Amino acid sequence: MEYFVQQLVNGLTLGSIYGLIAIGYTMVYGIIGMINFAHGDIFMIGSFIALIVFLFLVSIFASINVVLFLLIMMIVAMLLTSLWNWTIEKVAYRPLRGSFRLAPLITAIGMSIALSNFVQVTQGPRNKPIPPMISTVYNVFGISISAKQIVIVVVTAVLLTIFWYLVNKTSLGRAQRACEQDRKMAALLGIDVDRTISITFIMGASLAAVAGTLYLMYYGVVVFSDGFVPGVKAFTAAVLGGIGSIPGAVLGGLLIGFIEGMWSAYFSIDYKDVAAFSILAIVLIFLPSGILGRPEVEKV
């Protein structure tokens with residue numbers, strides 16, 4: 001039982017990171033019906049920005065408090081990653097919004113490759129490690145819970161609470177929900193659709209940057225190709241939970257994390273990705289719109 005609970009804790013930690021990334025996929029799809037395949041690379045860029053900020057702070061302030069350290073890394077990563085995603089949306093996606101459906105998809109894949117190669121050229125192809133930021137481990141009833149895992153779960157819970165409030169209780173959230181239902185009607189009612197979509201990209205990038213910072217803190221290493229696998233798993237989480245549903249994205253992320261944790265513990269770790277995608281296929285056979293997704297209704 002202790003081993004089982006230990007894997008649940010590990011799965012919760014990993015699933016929290018996947019859930020933060022998955023929200024960016026599901027928000028963009030919910031409003032403009034587009035899968036932003038470059039979102040995983042935005043997550044990776046957030047990790048690299050956090051790494052650069054970490055190295056800069058270490059070189060100047062050797063004895064700075066670790067909480068302040070992490071907070072500064074997150075804020076700078078959120079700001080710069082949001083700027084990246086805002087630029088991508090404005091330059092690469094917005095001009096293609098009214099074109100045939102495959103054009104934005106192809107552009108997103110191309111943007112993903114461009115971002116990955118840009119980081120490879122500028123930062124090098126090797127792994128970039130950092131010393132452990134937080135090394136404290138607590139033993140609770142025979143279960144090892146590291147301070148890093150607590151930080152990840154707490155930060156995720158706080159951000160999701162703030163995010164829920166923004167989407168459900170503010171004028172921005174009402175504008176986003178209106179654009180999700182009918183962009184043309186929202187524009188007729190005075191909503192700035194382009195601005196709302198840009199802010200949605202910024203919000204998704206901010207959460208991906210936080211996920212990237214937490215990923216760097218947890219694993220202590222980042223490489224230019226790290227955007228692909230977590231990005232695909234986060235997209236899988238969004239589809240599993242119900243693409244277009246924010247609670248579904250979080251639920252899907254947690255489920256993927258739990259599946260990976262349990263499969264790695266009781267079966268071969270080499271096939272944990274196969275298990276996650278197999279569960280996705282099985283769920284979609286019986287629930288084509290995902291666990292919390294709404295079936296699409298064709299407008300005539």
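Things worth noting here:
- Residue satisfying all of: in region 9-27; closer than 18 Å to Phe201 by Cβ and open to solvent by less than 10 Å² (accessible area, probe 1.4 Å); farthest from the chain's Cα centre (by Cα) among these: Thr26
- Val137, sole failed condition from (1) in contact with a Ser or Thr (Cβ under 8 Å, 6 or more places away or on another chain); (2) over 24 Å from Met74 (Cα atoms); (3) not polar (S, T, N, Q): (2)
- Restricting attention to region 160-181 and to residues that are within 19 Å of the chain's Cα centre (by Cα) and either aromatic (Phe, Trp, Tyr) or farther than 20 Å from Ile21 by Cα (or both), the residue that is surrounded by the most Cβ atoms within 10 Å (Cβ to Cβ) turns out to be Phe163.
- Remark: Ile134 matches the filter, which requires a residue to be in contact with a helix residue (DSSP H, G or I) (Cβ under 9 Å, 6 or more places away or on another chain), surrounded by 15 or more Cβ atoms within 10 Å (Cβ to Cβ) and not in a helix (DSSP H, G or I).
- In the set (1) open to solvent by 50 Å² or more (accessible area, probe 1.4 Å); (2) more than 26 Å from Met133 (Cα to Cα); (3) without any contact (Cβ under 8 Å) to a residue 24 or more places away in the chain, Ala103 fails one condition alone, (1).
- Test: Ser278 is surrounded by fewer than 24 Cβ atoms within 10 Å (Cβ to Cβ), at negative phi and touching a residue at least 40 places away in the same chain (Cβ under 8 Å): no
- Boolean, Val119 is closer than 17 Å to Thr213 by Cα, among the hydrophobic types (A, V, I, L, M, F, W, C), open to solvent by less than 80 Å² (accessible area, probe 1.4 Å) and touching a residue at least 12 places away in the same chain (Cβ under 8 Å): yes
- Qualifying residue in region 76-89 (condition: surrounded by 15 or more Cβ atoms within 10 Å (Cβ to Cβ), at pLDDT below 90 and either hydrophobic (A, V, I, L, M, F, W, C) or closer than 18 Å to Val223 by Cβ (or both)): no
- Cross-chain or 6+ apart pairs with Cβ under 7 Å, region 256-267 first and touching a residue at least 12 places away in the same chain (Cβ under 8 Å) and closer than 17 Å to Ile17 by Cα, then of a type in the set (D, E, K, R) and open to solvent by less than 40 Å² (accessible area, probe 1.4 Å): Ile256/Lys233
- Taken over region 56-74, residues that are free of Cβ contacts under 8 Å to residues at least 40 places away in the same chain and of a type in the set (A, V, I, L, M) amount to 9.
- Enumeration of residues in region 186-217 that are farther than 22 Å from Leu166 by Cα and open to solvent by 50 Å² or more (accessible area, probe 1.4 Å): Leu188
- Of the criteria (1) in contact (Cβ under 8 Å) with a residue 40 or more places away in the chain; (2) closer than 27 Å to Arg94 by Cα, which one Leu188 fails: (1)
- Test for Asp270: is it acidic (Asp, Glu), open to solvent by 20 Å² or more (accessible area, probe 1.4 Å) and over 18 Å from Ile17 (Cβ atoms): yes
- Residue in region 219-226 that is touching a residue at least 40 places away in the same chain (Cβ under 8 Å), among the acidic types (Asp, Glu) and closer than 20 Å to Arg94 by Cβ present: no
- Check on Met44, within 27 Å of Val239 (Cα to Cα), touching a Ser or Thr at 6+ places or on another chain (Cβ under 7 Å) and not β-branched (Val, Ile, Thr): no
The values are calculated or read from the model by the stated rules, or taken from the named source; none is laboratory data. Here the structure is a predicted model, which is why all the values come from computation and not from measurement. Here Cβ is always computed from backbone atoms with ideal geometry, including for glycine, and neighbour counts include all displayed protein chains. To get the accessible areas, we keep the full protein, side chains included, count just its heavy atoms, and leave off ligands, DNA and RNA. Shrake-Rupley method; radii C 1.70, N 1.55, O 1.52, S 1.80 Å.
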